[in-house]
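The values are calculated or read from the model by the stated rules, or taken from the named source; none is laboratory data. Small disclaimer: the values here were computed from a predicted structure and weren't measured. Glycine gets a Cβ as well: all are built from the backbone with ideal geometry, and neighbour counts include every protein chain shown. Note: accessible area is taken over every heavy atom of the protein model, side chains too, but ligands, DNA and RNA are not part of it. Shrake-Rupley method; radii C 1.70, N 1.55, O 1.52, S 1.80 Å.
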Amino acid sequence: MITIDSVSKWYGDFQVLKNCTTTVEKGAVVVVCGPSGSGKSTLIKCVNGLEDFQEGTITVAGTSVGAPDTDLPKLRSRVGMVFQNFELFPHLSIMDNLTIAQEKVLGRSRSEAAEKARQLLARVDLSAQAQKYPLQLSGGQQQRVAIARALAMDPVAMLFDEPTSALDPEMVSEVLDVMTSLAREGMTMMCVTHEMGFARKVADRVIFIDKGEIVDDRPTEDFFGKERSGRAEQFLSKLL
Ligand code: ADP
Ligand code: MG
């Protein structure tokens with residue numbers, strides 16, 4: 001579903017991604033971890049075209065992200081992205097947060113979009129909050145709205161960038177539970193997270209990235225097994 005092939009990216013003289021190659025199969029869940037500043041956010045932003053890159057290719061569901069003739073807005077509408085800080089529209093109700101792109105980008109009718117929104121709000125257990133505004137909700141609730149909003153576009157894959165890092169500890173599991181159920185239903189997911197319990201339980205593969213380089217990319221059981229590479233070992237020993 002997602003192929004990243006020999007991708008390199010520079011900010012001026014600084015090489016932020018170094019020849020990154022990996023694949024996320026349809027229905028697979030890949031966790032991306034690594035030290036702060038290693039390029040995790042940059043890598044997943046490249047996948048839906050929020051960042052450009054100078055070398056290599058990325059394709060999502062057969063569409064090449066970097067190609068000049070690619071319709072990026074269309075591609076982005078099919079790849080859900082969930083950020084650390086929710087990024088909801090603060091001036092719109094929860095319902096309108098979920099319907100606006102369905103209407104404007106997918107051309108759904110108001111009633112069709114609202115019906116989809118209601119189903120998804122029920123799914124993330126937020127039906128009662130539809131008429132509220134984002135800042136009236138807790139962080140965990142806002143993040144569940146953000147996930148529902150992404151799902152409203154019927155994405156072919158979901159990208160998560162540290163979705164629980166900004167949350168109070170008691171709200172982390174409500175968001176991870178939603179992500180876990182999505183994974184179980186077969187959603188293709190690429191998740192930047194340091195929640196190693198989630199990785200162990202849900203991920204098919206774990207990628208470890210350090211200084212812009214993918215230094216480990218292995219099945220989950222292997223990654224948490226005995227023979228980790230030196231840098232991944234050092235990193236994990238602080239988390240586990
Ligand atoms: P991570 O998500 O792993 O913490 P990022 O992908 O956000 O890392 O950043 C990787 C590196 O690129 C960092 O050193 C960061 O300072 C640098 N960086 C990120 N965005 C920019 C930018 N717009 N211009 C220059 N450097 C940047
Ligand atoms: Mg980041």
Open item on the list: Looking at region 198-212, can you tell me whether even one residue there is within 16 Å of ligand 1 (Cβ to nearest atom), acidic (Asp, Glu), without any contact (Cβ under 8 Å) to a residue 24 or more places away in the chain and assigned to a strand (DSSP E or B)?
Closed with: no
Task: Restricting region 47-60 to residues that are open to solvent by less than 30 Å² (accessible area, probe 1.4 Å) and part of a strand (DSSP E or B), the residue that is nearest to ligand 2 (Cβ to nearest atom) - done: Ile58
- [ ] Would you mind finding the one in Ser38, Ser8 that is in contact with a Lys or Arg (Cβ under 9 Å, 6 or more places away or on another chain) and over 30 Å from Met171 (Cβ atoms)?
- [x] Ser8
Task: Qualifying residues in region 185-195 (those that are more than 16 Å from ligand 1 (Cβ to nearest atom) and either of a type in the set (Gly, Ala, Ser) or open to solvent by less than 20 Å² (accessible area, probe 1.4 Å) (or both)) - the one farthest from Val47 (Cα to Cα) - done: Gly186
TODO: Could you grab me the full set of residues in region 202-239 that are of a type in the set (Val, Ile, Thr) and open to solvent by 30 Å² or more (accessible area, probe 1.4 Å)?
DONE: Ile214, Val215
Open item on the list: Just checking, does region 30-43 include any residue being closer than 18 Å to Phe83 by Cα, away from ligand 2 (no atom under 16 Å from the Cβ) and part of a loop (DSSP other than H, G, I, E, B)?
Closed with: no
Task: For Ile44: the one exception among (1) surrounded by 17 or more Cβ atoms within 10 Å (Cβ to Cβ); (2) hydrophobic (A, V, I, L, M, F, W, C); (3) farther than 24 Å from Pro219 by Cβ; (4) out of contact with any Ser or Thr (no Cβ under 7 Å at 6 or more places or on another chain) - done: (3)
Open item on the list: Can you report the number of residues in region 1-23 which are within 11 Å of ligand 1 (Cβ to nearest atom) and either open to solvent by 10 Å² or more (accessible area, probe 1.4 Å) or more than 17 Å from Asp217 (Cβ to Cβ) (or both)?
Closed with: 8
Open item on the list: Exactly one of these conditions fails for Gly37: (1) within 16 Å of ligand 1 (Cβ to nearest atom); (2) surrounded by 14 or more Cβ atoms within 10 Å (Cβ to Cβ). Give me its number.
Closed with: (2)
Open item on the list: Suppose the filter is free of Cβ contacts under 8 Å to residues at least 12 places away in the same chain and closer than 27 Å to Thr22 by Cα; does Asp177 pass it?
Closed with: yes
Task: Counted residues, region 103-122 - those being in contact with a helix residue (DSSP H, G or I) (Cβ under 8 Å, 6 or more places away or on another chain) and at pLDDT below 95 - done: 2
TODO: Check Leu239, Leu182 and return the single one that is more than 14 Å from Val30 (Cβ to Cβ) and either of a type in the set (A, V, I, L, M) or in contact (Cβ under 8 Å) with a residue 40 or more places away in the chain (or both).
DONE: Leu239
Open item on the list: I'm checking my understanding of the structure. Among residues of region 71-87 that are more than 16 Å from ligand 1 (Cβ to nearest atom) and touching a strand residue (DSSP E or B) at 6+ places or on another chain (Cβ under 6 Å), which one is modelled with the lowest pLDDT?
Closed with: Leu75
TODO: Filter region 161-184 down to residues that are touching a helix residue (DSSP H, G or I) at 6+ places or on another chain (Cβ under 7 Å) and within 16 Å of ligand 1 (Cβ to nearest atom), then give me how many there are.
DONE: 4
